[in-house]
Amino acid sequence: MTLAPAQPNASPAAQRRATKKRTEPSNFSIRMGQLALTVAVLGSWELLARAGIIDEFFFPLPSDILITVWEWVSTGYVFPHLWITMQEAVLAFFTGAAVGLILGFLLARVRILERLFDPFLKIFNALPRVVLAPIFLLWFGLGIWSKVAFGFTLVFFIVFFNTLEGVKSVDRVLVDNAKMLGATERQLLRHVFIPSALTWIFSSLHISVGFAITGAVVGEYLGASAGVGYAIAQAQGVFDTEGVFAGMFILMIVVLIIDILVNRVERHLLRWRPNQSG
Amino acid sequence: MTHPVQAEPSPYAVDLTGCTKEFATPGGGSYFAVRDIDLKVEPGRFVSIVGPTGSGKSTILNMAAGLLSPTSGTVKSFGTRIDGVNRRASYMFQQDALLPWKSVIDNVSLGLTMAGVSKADAYSESRRWLEKVGMKNFADRYPHQLSGGMRKRTAVAQAWIVNPDILLMDEPFSALDVQTRQIMENELLQLWGESGKAVVFITHDLDEAIALSDEVIILGAGPGSTVVGSYEITIPRPRDLLDIRDDPKFVELHREIWGRLKVEVSRTYASAQDEESDVA
Ligand SMILES: Nc1ncnc2c1ncn2[C@@H]1O[C@H](COP(=O)(O)OP(=O)(O)OP(=O)(O)O)[C@@H](O)[C@H]1O
Ligand SMILES: [Mg+2]
């Protein structure tokens, strides 16, 4: 009688061990699953378009898009445009991130400045930034600087608010400890605030990389003489949906590559953190 | 007799006079954490503060450290008024305060490197301290890779390496198991015995307070708690912490102080129950 409950007890434990194994599939099978998913989606898109169920004009065949991408790349058509867009995005990203970081730290550390600037920052942040693009075109012309300015406004606010929040959420006791050990304001920044806010800063960098490119492309789309956004606008002008999709695809790949690089830097700088995945 | 230190009027290492601390509450009111606190600690003395939870022990320590300024009253250290943090004091916090992004050795050497000591010198000094606290094999670990006791040892090294005149300790060992705790208490007494530093030590544990200190101060129940008793611990040093609880003097002091502390603890408990029934 006393043995009876023991046995059913043992088997759920064994079961749990078994399900645990089953719910944690290997990296390889995840990758295969992702590949299968991609093939399924693109394949059914291709088939549905070929069968005429979805309109090929609005949703060009994935194979045709890839061919167009290949044409743009192999003829070198896209590179001058990409180069311009990258210049704009990089400039917007670095200026926006730098100013956002500096102001973020400054306002977080000097309370009076934060209270002074708070309403203005809220107002500008509430402004839908896209409406700034036309005015920047007027101010800075058709060249790259109107796009840089536009991207800057996108990047700046994300980095700024994240830095502000990151610095303000630093654990008080860590600040107190460093102060008791004799830290000056600069040393506090270096040893406590920056490393502590780094998690926030990186999450803002991930988003703002995308936004820097968005800023450049939208700016180009609205008025430019070069850039991927301009190329997309050109394709759209002649109802070349394949070209529009090809531009989108190329931008996607570029953002992905940059994000991987940001990830690398992040993993290096945050290597002290406990490994969440265990 | 003509020793220069004795020649000058010996100022207190920690000197709180009539200190009251009032906190703003979220509701817009105010809460008096402590009221009219007088605390004088001579250099080389080991003073413990014991009191019920929420009685303002950490608040007092923060005022002595210069991290909080009192609403009224004065805080002095060696005769000068404290403005900003007290540069002659080190603080071991109740919570974990090691920087999680720095390895053990970088945490320990932080005080020295920030004071401008070269990295090589700071590291060799840190190694010496890590050896003293039994952490020399863990110099390259990050705090999250350490046990609670190891983190406390690191915190001891971090606080003492800058050679402060005052050591403020807020329940440093209360999170540790009994055995580790006794080892750490012994080590603390050894470190302190050779140093002549003033120690203000906060604890919940009356046994610990009596065993370690020259003086035990009892804080009343909050709000607005005050010092309700101060007891000289005359047990001779060096003390053997393993057997001290059998010492007749210890037993007698314990009975006397506990008689006073008990009243405050039960008052805290009673008011907590009142609040609960108010809420209900
Ligand atoms: N920043 C603050 N704002 C408002 N109230 C506070 C603040 N810090 C402390 N208090 C209040 O002051 C009282 C004393 O707090 P303190 O941390 O000094 O107690 P303590 O004696 O150290 O308690 P414990 O033994 O639990 O650590 C508590 O009632 C607490 O709620
Ligand atoms: Mg406390």
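Here are the numbers for the structure shown:
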read-out: Built amide H within the under 5 Å cut-off of B:PHE46, gap 5+; value: B:VAL199, B:ASP214, B:GLU215
read-out: Among A:GLN236, A:LEU198, A:PHE79 the positive-end extreme of the charge dipole of the protein assembly as shown (Cβ point charges); value: A:PHE79
read-out: A:TRP145-B:GLU252 pseudo-label distance in nm [points 7 Å out on the Cα-to-Cβ vector]; value: 8.9 nm
read-out: Per-residue HN-Hα couplings for the stretch A:179-193 [Karplus 6.51, -1.76, 1.60; θ = phi - 60°; Hz; x = Gly/Pro]; value: 4, 5, 7, x, 5, 7, 4, 5, 5, 4, 4, 6, 8, 10, 5
read-out: Whichever aspartates and glutamates have a C-alpha closer than 18 Å to that of A:LYS147, once near sequence neighbours (fewer than 8 apart) are set aside; value: A:GLU88, A:GLU220
read-out: Anchor A:LYS168: aspartates and glutamates whose Cα lies under 13 Å away (excluding residues fewer than 8 positions away in-chain); value: A:GLU114
read-out: Shielding of A:148-157 by partner chains, average beta-carbon count, 10 Å; value: 0
read-out: Amide hydrogen neighbours beyond the local backbone of B:VAL228, cut-off 5 Å, H modeled; value: B:ILE218, B:LEU219, B:GLY220
read-out: Degrees, to the nearest 10: B:104-114 long Cα axis against longest axis of chain B; value: 90 degrees
read-out: The protein assembly as shown, dipole about Cα centre (Lys/Arg Cβ +1, Asp/Glu Cβ -1), debye to the nearest 20; value: 720 debye
read-out: Partner chain coverage, peptide B:103-116 - average Cβ within 10 angstrom; value: 3
read-out: Distant-in-sequence amide H partners of B:SER90 (H built 1.01 Å from N, under 5 Å); value: B:ILE166, B:LEU167, B:LEU168
read-out: Flagged links, alpha-carbon separation over 18 Å, of B:LYS132/B:LYS152; B:LYS57/B:LYS132; B:LYS21/B:LYS57; A:LYS179/B:LYS40; A:LYS179/B:LYS119; B:LYS102/B:LYS136; value: B:LYS57/B:LYS132; A:LYS179/B:LYS40; A:LYS179/B:LYS119
read-out: Gap separating the Cα centres of the stretch A:190-209 and the stretch B:99-132, nearest whole Å; value: 25 Å
read-out: Most to least packed among B:170-182, A:110-122 [average Cβ atoms within 10 Å]; value: B:170-182, A:110-122
read-out: Neighbouring partner chain Cβ atoms per residue of B:94-102, average, 10 Å criterion; value: 6
read-out: The stretch A:79-269, dipole about Cα centre (Lys/Arg Cβ +1, Asp/Glu Cβ -1), debye to the nearest 20; value: 700 debye
read-out: Debye equation applied to the C-alpha atoms of the protein assembly as shown, log10 I(q)/I(0) at 0.06, 0.08, 0.12 Å⁻¹; value: -0.51, -0.78, -1.18
read-out: Ellipticity estimate at 222 nm from DSSP helix runs (n ≥ 4, -39,500 (n - 2.57)) divided over chain A, nearest 500; value: -27000 deg cm²/dmol
read-out: Rounded to 10°, Cα long-axis angle of helix B:148-160 versus longest principal axis of chain B; value: 80 degrees
read-out: Share antiparallel - DSSP beta bridges, the protein assembly as shown, percent rounded to 5; value: 50 percent
read-out: Global form of chain B, assessed from the alpha-carbon gyration tensor, a/c cut-off 1.5; value: rounded
read-out: In nm, spacing of pseudo-spin labels at A:ILE30 and B:ASP240 (7 Å Cα→C-beta vector); value: 5.9 nm
read-out: Neighbour-limited loop hits for trypsin sites (Lys or Arg not before Pro), the stretch B:186-280 (at most 14 other Cβ within 10 Å; DSSP other than H, G, I, E, B); value: none
read-out: Nearest 10 degrees, 0 to 90: helix B:248-279 Cα axis against chain B principal axis; value: 60 degrees
read-out: Inter-probe distance in nm under a simple model that places probes 7 Å from Cα toward Cβ, at B:ARG87 and B:ARG267; value: 4.0 nm
read-out: Alpha-carbon centroids, the stretch B:168-205 and the stretch A:217-278: separation in whole Å; value: 57 Å
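Only the coordinates and a few stated rules stand behind these numbers; no lab work does. Quick caveat, the model's predicted, so the values are computed rather than measured. All Cβ positions, even for glycine, are placed from backbone atoms using ideal geometry, and neighbour counts span all protein chains on display.
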